[in-house]
Amino acid sequence: MDYLAIERKWKKKWEEERLDSFDTKRADEKKYVLEMFSYPSGANLHLGHWYNFGLTDVYARLLRMQGFEVFHPMGFDAFGLPAENYAIKTGIHPKDSTEKNIATMERQLKDMGASFDWDYEIKTCDPAYYKWTQWLFLQLYKHGLAEEKLAPVNWCPSCNTVIANEQVVDGCCERCGAVVERREMRQWFLKITNYAEELLSGLDKLDWPEKTKTMQRNWIGKSYGGTVTFDLEKGGSFDVFTTRADTLFGCSYVVLAPEHPLVAKIVTPDCRKAVEEYKAQATRRSEIDRTSAVKEKTGVFTGAYAVNPINGRKVPVWVADYVLATYGTGAVMAVPAHDARDYEFATKFGLPIERVVESADGSADELPFVQYGRCVNSGFADGMATEDAKHAILARLAGLGKGGEKITYRLRDWSVSRQRYWGAPIPMIHCPHCGVVPVPEEDLPVRLPYDVDFRPKGTSPLGANEEYMNCKCPKCGGDARRDPDTLDTFVCSSWYYLRYPNAKNDKAAFDTEWTDKLLPVDVYVGGAEHACMHLLYSRFVTKALRDMGYLHFDEPFLRLVHQGVILGPDGKRMSKTRGNIINPDDYVSVYGSDVFRMYLCFAFSYTEGGPFQSDGIPAIAKYLDRVERICGKAFGGRGKPPADKAKAAELEYAVNYAAKCCGADISAFSFNTAVARLMELTNAMYKYDDADEVLHSAALTLIKLMAPVTPHICEELWERAGEKGSVLRAPYPVADEGKLVRSLVEVPVQLLGRLKGTVTIAPDASEDEARAAALALLGISDVKKFIYKPGRIINVIA
RNA sequence: GCCCGAAUGGCGGAAUGGCAGACGCGACGGACUUAAAAUCCGUUUGUGGAAACACAGUGUCGGUUCGACCCCGACUUCGGGCACCA
């Protein structure tokens, strides 16, 4: 078959007929199918795009044949760091490179034969889009969900700029190699933690992969524990958070994070130098590094002492970087006998280690003993089980006004300020008189100026553009300055699924009634690497907008599917340095998009991915030629009754089995098994070999079953068959269950769990019948136990 | 380090706790052909055996079960994420 010519022919026809456009009048039967939109980084679509978009399109096309009105838009997540880095390197403006990349990708996406409705396209770098990203930020601000606070950033002292985590390699700047420091800067945060509880509980009702839900649960990290207030010997106090209040009697020192504001206040003169040095050193370590259990613990004594509220004991206050300022209260009570990190630390620095928990059976296991047990050396709590002691001790503290029960989340607020050029400007104004003032909504968008020196020089790129920075305060009219930062691109992508149905709306970010109708997204498909960030941010934004009354659903994505990663032929992740990058165009230009799509369907388990091996592509082309040949033969069989009824029934069984499986498999994103069933049906047709009406009907069913996978080719075969209209709008075949009932089945017979043979009996044969057949096969008569699952298994225990 | 996955023939992969290896690639054999290609048909987990058949077999070790690729525990290796790549 001339795949390329066939594709050209049908693409043209579909475009003329606007076959893929979304019919808004049929919105009641809508299915919103969405792929994570693409980042226009390289110039060409890569294999991952094909795998995500091409195969999700198979699913979208199935839904259309099943009678749904599918909303399937496409767009670009166009702001971001790579374009800016590219600009710094080459001098090509991010807007220019991005627009060029988008133009290329749009053309390739159209060539892909995917059924996107381009009328709803969005680009996040378009002012018509980011106007509403800024609007979103303002709504969050107005509802108390955006606030400014100090937070650490990676600072390269040599490049004189903030750099991304990704650009930090072994603690050094990837560009210049200088040691990266952490610096505190004022930044905007979105208060996602306000929604921690609902983000956690809402997971239960989502049709998402269990592993993704688990990852989000762990990311949110709810933990039940308590706070304990330690008074300082010289006045003042601080709280620690602990999940093991039962061990409080064994607390022999306390530790503050180096960034803890109290450190500077309490440190004694003789310790100040060491503490300052330690703090400076801590700014050069990453969190992953700091919390690593294998790296040696470091820390210094502050010279200060605090009082353990449960027993009045004086304990030293240390500073150590294994305590993070961002989790809990930034301070921990150390119980070396029952915590591995504290144990290691105490051993190193000669701090007391005192057992306060022993095993429930009273045995004294080795320290550190981190399991639950019962309290010893713990005053009133002696003998209590861990769980009871936690509550009892926290209750006692509550009575003293020194703490109590507390739930903490690991989830942190979302930092959205970026000291970068290529992003949506933050629509806030800093006025010397009025303080922080939001840009009035009618003044949106705050346009990103084109002429900006985006090379690193110590400030945000926009901060050096006086024309941009200087503005009037909307409140007092006086001279004021804009916020020089741009928004994290995750803000842009946290709401784009709401914008698609409203892509052309210039009055609002989205129309509430229309959005309530089209959303939530029914199926969302994208990489598992987004499990905790993008997917959590989107859920947060949806819930926040719901609480503001802008929409009336709780979750943006009802069902989620992750595609796997396609590796290079060497089984390694594709990368330029490895030189193992596969360019889909090399194959698509030879075999066409249908063959390539079917190859991608068949060669991988969709959610697992795996190594690319090109052998499979000609194999698919051969298979499709095989389909063409048998269909050509079958089309001549129209109206000819079958000569052999039993043989015809076998083919009809195969037809109905394929019909039963294909739709279900595609719905489950099990594309490889769907294609396997198509191949089985094709094999059955070859075996049948009589050009009669049974073969003719089988061919028509095969074409319809296959149409979502190879739409152009099936459209061509459908036309050759003399059928009217587009096969892509023909109803997807449904199995006739009656044709799938068999009067006899082979049932495996096991003796003591080992397979000995099969017996052919009715699928609903009684236990006595099955027993008789099995014993005859085995040639035995004594049976201790007989296990029989009709139609499935017989196991004889003799 | 922490969180989450994955591991099945020569290869890609398939299997609601019930005949492991569907479907395909590759390989081998046959038919057709002067020949080749293409096509059609067949064989193909390993070991032993002429065969019937027997034994072994789903990363490693252990457990639960009449029965385990599947459930549980420990481990090994590989992959994703770890909050400023998206």
Mind checking whether some residue in the stretch A:91-108 is touching a Phe, Trp or Tyr at 6+ places or on another chain (Cβ under 8 Å), closer than 23 Å to residue A:733 by Cα and crowded, with 23+ Cβ neighbours inside 10 Å? no
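Show me the strands (runs of 3 or more DSSP E) entirely contained within the stretch A:207-325 in which 1 or more residues are of a type in the set (D, E, K, R).
Values: elements: A:222-232, A:237-242, A:253-256, A:300-308, A:313-319.
Of the strands (runs of 3 or more DSSP E) lying wholly inside the stretch A:207-325, those with at least 1 residues that are of a type in the set (D, E, K, R) span A:222-232, A:237-242, A:313-319.
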Exactly one of A:148, A:197, A:121 is among the charged types (D, E, K, R) and within 13 Å of RNA strand B (Cβ to nearest atom), and that residue is A:148
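Which of the strands (runs of 3 or more DSSP E) found entirely inside the stretch A:514-618 contain at least 1 residues meeting this: within 11 Å of RNA strand B (Cβ to nearest atom) and either out of contact with any helix residue (DSSP H, G or I) (no Cβ under 7 Å at 6 or more places or on another chain) or of a type in the set (A, V, I, L, M) (or both)?
A:521-527, A:565-567, A:609-611
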Contact list, first residue from the stretch A:548-573 and hydroxyl-bearing (Ser, Thr, Tyr), second anywhere and surrounded by fewer than 17 Cβ atoms within 10 Å (Cβ to Cβ), beta-carbon distance below 8 Å, six or more apart or interchain, is A:550/A:512
For residue A:394, the lone unmet condition from (1) open to solvent by 50 Å² or more (accessible area, probe 1.4 Å); (2) away from RNA strand B (no atom under 16 Å from the Cβ); (3) at pLDDT 90 or above is (1)
Taking the stretch A:619-648 and keeping only residues that are open to solvent by 50 Å² or more (accessible area, probe 1.4 Å) and away from RNA strand B (no atom under 15 Å from the Cβ), one is left with A:638, A:639, A:640, A:641, A:643, A:644, A:645, A:646
Here the qualifying pairs (Cβ atoms under 7 Å; residues six or more apart or on different chains; first in the stretch A:162-184 and open to solvent by 70 Å² or more (accessible area, probe 1.4 Å); second more than 9 Å from RNA strand B (Cβ to nearest atom) and part of a strand (DSSP E or B)) come out as A:179/A:172; A:183/A:155; A:184/A:150
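Conditions (1) in a loop (DSSP other than H, G, I, E, B); (2) at pLDDT 90 or above; (3) at positive phi, marked per residue:
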| position | (1), (2), (3) |
| --- | --- |
| A:116 | yes, yes, no |
| A:125 | yes, yes, no |
| A:140 | no, yes, no |
| A:185 | no, no, no |
Scanning the stretch A:689-731 residue by residue, those within 16 Å of RNA strand B (Cβ to nearest atom) and open to solvent by 10 Å² or more (accessible area, probe 1.4 Å) turn out to be A:689, A:690, A:691
Here the qualifying pairs (Cβ atoms under 8 Å; residues six or more apart or on different chains; first in the stretch A:12-36 and free of Cβ contacts under 8 Å to residues at least 60 places away in the same chain; second of a type in the set (Phe, Trp, Tyr)) come out as A:29/A:68
Per the filter on the stretch A:548-605, residues of a type in the set (Asp, Glu) and within 20 Å of the chain's Cα centre (by Cα) are A:554, A:555
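So, in the stretch A:503-533, exactly how many residues are open to solvent by 10 Å² or more (accessible area, probe 1.4 Å) and either touching an Asp or Glu at 6+ places or on another chain (Cβ under 9 Å) or closer than 30 Å to residue A:430 by Cα (or both)?
Going residue by residue through the stretch A:503-533, those that are open to solvent by 10 Å² or more (accessible area, probe 1.4 Å) are A:503-508, A:510-514, A:516-517, A:520, A:522, A:528-530, A:532-533.
From what is left, the residues that are either touching an Asp or Glu at 6+ places or on another chain (Cβ under 9 Å) or closer than 30 Å to residue A:430 by Cα (or both) are A:503-508, A:510, A:517, A:520, A:533.
Here the count works out to 10.
The values are calculated or read from the model by the stated rules, or taken from the named source; none is laboratory data. Note that this is a predicted model, so its numbers are computed, not measured. Reconstructed Cβ throughout: ideal geometry from the backbone, glycine too, with neighbour counts over all protein chains shown. The area values use the complete protein model at the heavy-atom level, side chains included, leaving out ligands, DNA and RNA. Shrake-Rupley method; radii C 1.70, N 1.55, O 1.52, S 1.80 Å.
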